[in-house]
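Derivation of every value follows stated rules applied to the coordinates shown; laboratory data play no part. Everything numeric here is computed off the predicted structure, so don't read it as measured data. Positions of Cβ are generated from backbone atoms using ideal geometry, with glycine treated the same way; all protein chains shown enter the neighbour counts.
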Amino acid sequence: SFFLALEVLDCYGMTFIPPDFYFADNLKIVRITSNVIPNLLFSAFTLAPTIEYLNLDNNQIQNLGPSPFGGLFNARHVSIANNRIRTITPQMLAPLSSLEIFVAPDNLIEVLDGNLFVNNPNLMSVNFGGNNINAVGSSFLNINTNLRFLFMDRNDCVNQNFINDDANLPAIRGALEECFENSPFGTQIVLEVVGNLTIFDENGQVVLRVN
């Protein structure tokens, strides 16, 4: 049938996410954006393991349940940008075993657990820009060896360390140390460039390149 062959699904004007996308065996891309969905307490995707891309941007989500992404073990790209989410835990992200890109800017997140992505070994890119982050767990940068891009702009513990756009390695190290020192565990970090490092501003312009 038409629904069984459906690969892309866009949902608008909703106040909840329909439970279980059982009607589409080949669903790859799901965009549920610009709705009013204050709570995502249980996974709606347990019968849709084929989903590879999930976009939940701009839904006014405030509360995530203990396993909002259950069943999404093939999802490689998950975005929850521009909501009102305050807490993200390793348990919430555990089902996302194939996750490569996690996008969560412009929420209200304050603390990043050091083991946040312990169940996501393929993770390459993370965006937490524009949150209220003031503390990062001590092992946050050590667990995911494939991580290549980490966006932390527009967070208090980062931005207060940059003066007059002074984006150099000592400034970057100082900014990250501020986040880590606020962790209940505390730590110091050593930042060195292996290969090439390029830093971009929020407009995509190159601020610093180190070879």
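Details
- Take the Cβ atoms of V36 and F149, set R0 to 22 Å, and the FRET efficiency comes out at 0.10.
- Modelled this way, with points 7 Å down the Cα-to-C-beta line, the labels at I29 and Q60 are 2.7 nm from one another.
- Packing, taken as the mean count of other beta carbons within 10 Å per residue, orders the peptides 88-95, 7-14 from highest to lowest as 88-95, 7-14.
- Förster radius 35 Å - calculated FRET efficiency between S125 and F16, Cβ distance, rounded to 0.05: 0.75
- Using a simple spin-label model with pseudo-atoms 7 Å out from Cα toward Cβ, V8 and V118 lie 3.9 nm apart.
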